Structures are given as C-alpha cells and as structure tokens.
Amino acid sequence: MLDAVFRLLSPKQIRSIVSALDTPQIALWAGAVSSGKTIASLLAFLIAVARAPDHGLVVVVGRTLQTIERNLIDPLQSSHLFGPFAAQVHHTTGSTTATIFGRTVHLVGASDVRAEARIRGATIVLAYVDEATLVPQSFWMMLLSRLRVPGAKLLATTNPDGPAHWLRRDFILRAGQVGMRHWHFTLDDNPSLAADYVARLKAQYVGLWHRRFIAGEWCLAQGAVYDMWDPDRHVVPATQIPQIIAWISAGVDYGTTNPFHAGLLGLGADGRLYITREWRYDSKRERRQLTDVEYSERFRGWLGQGERPQYVIVDPSATSFRVQLHHDGVTATLGDNEVLPGIRTTASLLATGRLLVSDACPDVIDEFPGYSWDEKAAELGEDKPIKANDHGLDMVRYAVHTTRAVWQHRLASPVLAAA
Ligand SMILES: Nc1ncnc2c1ncn2[C@@H]1O[C@H](COP(=O)(O)OP(=O)(O)OP(=O)(O)O)[C@@H](O)[C@H]1O
Ligand SMILES: [Mg+2]
C-alpha cells in the first residue's frame, strides 16, 4: 500500500519523510512555494500519528482553523494524494478536532487566543505546524515546552523569510543543538508541476518574493522594492491609453505636513490596469496646509473632471478626511494597510506588464525607482520599505491592492518581460 503512495514522491520528498521519522525532536520542511513540502510533511505526519505513543495530545497548528482545513485537512482527505490513508481522516468543517486513524487531533489556530489556551497546559506528543514563520515565536516556544513525553515530535513547514527571522536564527542555524532536521525544497522537488504552471509562478513572484518564494532563499529585504520598474515599459503617453472599460478606483494617500496624493485607476480594453491621472498637494511647496474641508473640496473638484470610479479608497489612517468626504456626499473605503501584500500585488502586476502609468502622472513615476527596502530594519528581522517619497506609491497600493477582487478576473494573461 505504501509502495503505491511512495512511487508518486520525488527523491527529496522520500528522503525527508524517512529522516523526519527519526528526527530527535523537530523536522522542518522549508523552501519555495508549491515545492511539495506540505505533501511530504503530511505523509510523515500520518505515519507519526499512527506510531504516536498513547499518552499526550496530537495537535495541528495553522494561522486559523480555515487555513488548517484548506491547506492540510483537504489534501489529507484526497485519495489521489494519500491513497487509502485518506479514508482514515475524518473532519466536519468548522470543528476544532479531526480524527486520524481513530485518534483525536486538535486543530489550533495560532491567531486564536482561546485556541491557544487549549494547549497551554497540555502534554503534547505530536505537533504539526503549517507556515511556521507566520506563527508567533512565543507560540512556537510554548508548543516546544509542551513536548514532554519521550519521543514527542514537532513537524513544520515554512516558506523562507528574512535571514534574521527567529526560526532561522534560533533553530535552523542551530539545528544540531536544538534537535532539528531540516530540508530545503525547490520547485524541482515537486514531481507534479507542469511547465506552464512553473512559468506562471515565476512570473507572479518577483523581486524579494522571487528570491524567497521561488529560489527559496532566506534573503534580506534590500535594494529597490520595485526593481522590475522600467519607465520604457511601464510609462505610456496619455494619448496611447486604450479605452477604459471600468473606472475601478481613486486612491488617496492623505497628508497635511506630508503631501496629499490622489490618483485614478482604470481597467483598459486591453485587460491592463492604468493609473491615468494624479493630483498632489504638497503643503511644504505651497507653504500652506489645507484643512479637511479644503482637501475634500479640491479632491472632489479633481475627481469631477472625469468619470466616477467605482471606489474611493483612502489612506486607512485618514479617518477624519473620510468623515469629511462622507459629509460632502462621497463614500470612501479605508485602504487595506497590509503594506507587504500591497507591494507584492503591485510588483507582480508590474512584472507581468499589467499595470501601466500614464505620463500625465509625473509625481508617481518619479517615486518608483527610489523606493527602497529598509535594510537596517531587515537586519533586525522586520521587512519594510523606507518611508520617504512614497506618497504616490502608497496611493497606487491603496487603489490597486484594496480593489483586487474587482479587477482580478478581468485582466489579460501575463505579459512576461524578456529575461
Ligand atoms: N508527490 C506528489 N505527487 C502529486 N502531487 C504532488 C506531490 N507533491 C506535491 N504535489 C501537489 O503539488 C502542489 C504543491 O505541493 P505542496 O502543497 O506540498 O507544496 P508546498 O511546498 O507546501 O507549497 P506552499 O509553500 O505553497 O505551501 C499541491 O497541489 C500538491 O498536491
Ligand atoms: Mg504548503
């Protein structure tokens, strides 16, 4: 039975499973996205569940119960992947337990405080952690302290993060001392990937994310954030912008001492997104600060010069400005302020030639090349861009990322840059 399952696995997957089963304590599958880490580690987990001593809990940890169900329980129940083992995995959606080989498995969302309390005092014999770098370090340490029975093990998967991340610094680099075995997975280690899927993945992940999620490196966020930015490719003369078939949003980065920057995002008939025009007010240059009432008036005047966009997305910290807009009859949505995912969406669109900027937006165009990662912060384990000359880029991020559900399915296929 196991033979049939194993024939589908790559050599790296097989080696990692065999070796994980007698790791002193921790087994970690790290590396690229879609590289087969989850499948290999889940098979090791199934075997470990079957062999686990009776005393102690079996727990599965993910960010939330939903991600556990989607990333782990669904594949575990796939007979295509796990053959007859799949029928041994029982779970009702929404329940915080599953049954595997008749044994209760506790499903714990690391971001759920009540869930965490469930294992705080427990003795754990086997733990599985999905996306380990996203789990708080305190949670990971607590989990390790619960592995009190002889033979207790922790299996985990992760994509790489920065080189100063605690998981790398305190565990991977000290693997021998902490009883850890780890494997580095790349896309070649997944035997099931089709060539066109790999090509699409590589196009999607660019810059920092290419290095981490495709090359699988624990690399520092350094240099240009938008290193794929190329004015020859991304700037279009206003007269050459195709017909806009949907005015998606107006983005606003709000500032009183800093510049206020608004811009308009449209979906072209060619299936690409265009920043078509911008408006900036720089109180330092003008030597006068505007009030919210004045900003609202001028912004609405600028907005009124063209088609109304579906959404007005404002800086999430600009609550007073949003109230003023509302008072003046404009409904605005607060932008999604997850900076890194927003940058990633923008970077991926630029790399695939699906976000272009009109030459009528000189201030945004000016900011793209200089926007850089904060290397000092990165060395301390935090990835963030340097906050300087980023007002137009923040506007782009709000306008584009927050509205992704609106345009996502309407874009043309990626236009890949020449290598
Ligand atoms: N040996 C295999 N045989 C068949 N399909 C596989 C195999 N290994 C992986 N896959 C499939 O390839 C896809 C990616 O694998 P997996 O989820 O294990 O990757 P991962 O490294 O965990 O990726 P991520 O970092 O994105 O979580 C999944 O759909 C999985 O079912
Ligand atoms: Mg995975």
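For the reader, a short list of remarks on this structure follows.
- Subset tally (residues that are among the aliphatic types (A, V, I, L, M), crowded, with 21+ Cβ neighbours inside 10 Å, farther than 30 Å from VAL206 by Cα and within 16 Å of ligand 1 (Cβ to nearest atom)) for the stretch 8-45: 4
- Every condition in (1) closer than 30 Å to HIS165 by Cβ; (2) in contact (Cβ under 8 Å) with a residue 24 or more places away in the chain holds for HIS234 except the one numbered (1).
- Unmet requirement for LEU42, which otherwise passes all of (1) at pLDDT 95 or above; (2) among the hydrophobic types (A, V, I, L, M, F, W, C); (3) away from ligand 2 (no atom under 16 Å from the Cβ): (3)
- Filtered by the rule that a residue be touching a residue at least 60 places away in the same chain (Cβ under 8 Å) and either aromatic (Phe, Trp, Tyr) or assigned to a loop (DSSP other than H, G, I, E, B) (or both), the stretch 305-315 gives GLU307, ARG308, PRO309, GLN310, TYR311, ASP315.
- Beta carbons closer than 6 Å, at least 6 apart along the sequence or on distinct chains, pair a first residue in the stretch 16-27 that is assigned by TED's automatic domain parsing to the domain that holds LYS153 and within 19 Å of ASN190 (Cα to Cα) with a second that is surrounded by 14 or more Cβ atoms within 10 Å (Cβ to Cβ) and not small (Gly, Ala, Ser) for SER16/TRP183; ILE17/LEU43; SER19/ARG181; ALA27/LEU155; ALA27/ARG181.
- Enumerated helices (runs of 4 or more DSSP H) restricted to the stretch 136-228, each holding at least 3 residues that are over 21 Å from ILE17 (Cα atoms) and in contact (Cβ under 8 Å) with a residue 12 or more places away in the chain: 137-146, 195-204
- Within the stretch 47-63, not a single residue is crowded, with 18+ Cβ neighbours inside 10 Å, within 16 Å of ligand 1 (Cβ to nearest atom), among the basic types (Lys, Arg) and touching a residue at least 24 places away in the same chain (Cβ under 8 Å).
- Of the listed requirements (1) more than 28 Å from VAL235 (Cβ to Cβ); (2) outside any loop (DSSP other than H, G, I, E, B), ARG285 misses just one: (1).
- All positions within the stretch 116-135 that are in a helix (DSSP H, G or I), away from ligand 1 (no atom under 16 Å from the Cβ) and of a type in the set (A, V, I, L, M, F, W, C): ALA117, ILE119
- Filter result (surrounded by fewer than 22 Cβ atoms within 10 Å (Cβ to Cβ), touching a residue at least 40 places away in the same chain (Cβ under 8 Å) and not polar (S, T, N, Q)) within the stretch 64-73: LEU65
- Only one of LEU21, LEU2, LEU8 that is in contact with a strand residue (DSSP E or B) (Cβ under 9 Å, 6 or more places away or on another chain), at pLDDT below 95 and away from ligand 2 (no atom under 16 Å from the Cβ): LEU21
- Scope the stretch 247-278; condition in contact with a Lys or Arg (Cβ under 8 Å, 6 or more places away or on another chain) and not in a loop (DSSP other than H, G, I, E, B); matching residues: TRP247, GLY251, PHE260, HIS261, ALA262, GLY263, LEU264, LEU267, LEU273
- Residue that is surrounded by the most Cβ atoms within 10 Å (Cβ to Cβ), among those in the stretch 109-130 that are modelled with pLDDT of 95 or more and of a type outside the set (Ser, Thr, Tyr): ALA127
- The set of residues in the stretch 363-403 that are polar (S, T, N, Q) and farther than 18 Å from ALA221 by Cβ comprises THR402, THR403.
- Members of the stretch 74-102 found to be surrounded by fewer than 16 Cβ atoms within 10 Å (Cβ to Cβ), in contact (Cβ under 8 Å) with a residue 40 or more places away in the chain and either assigned to a strand (DSSP E or B) or not assigned by TED's automatic domain parsing to the domain that holds ALA52 (or both), listed by number: none
- Restricted to the stretch 192-206, and to residues there that are in contact with a Leu (Cβ under 9 Å, 6 or more places away or on another chain) and small (Gly, Ala, Ser), the residue that is surrounded by the most Cβ atoms within 10 Å (Cβ to Cβ) is ALA203.
The values are calculated or read from the model by the stated rules, or taken from the named source; none is laboratory data. All values reported here derive from a predicted model rather than from experimental measurement. Cβ coordinates were reconstructed from backbone atoms using ideal geometry, including for glycine residues, and neighbour counts include every protein chain displayed.
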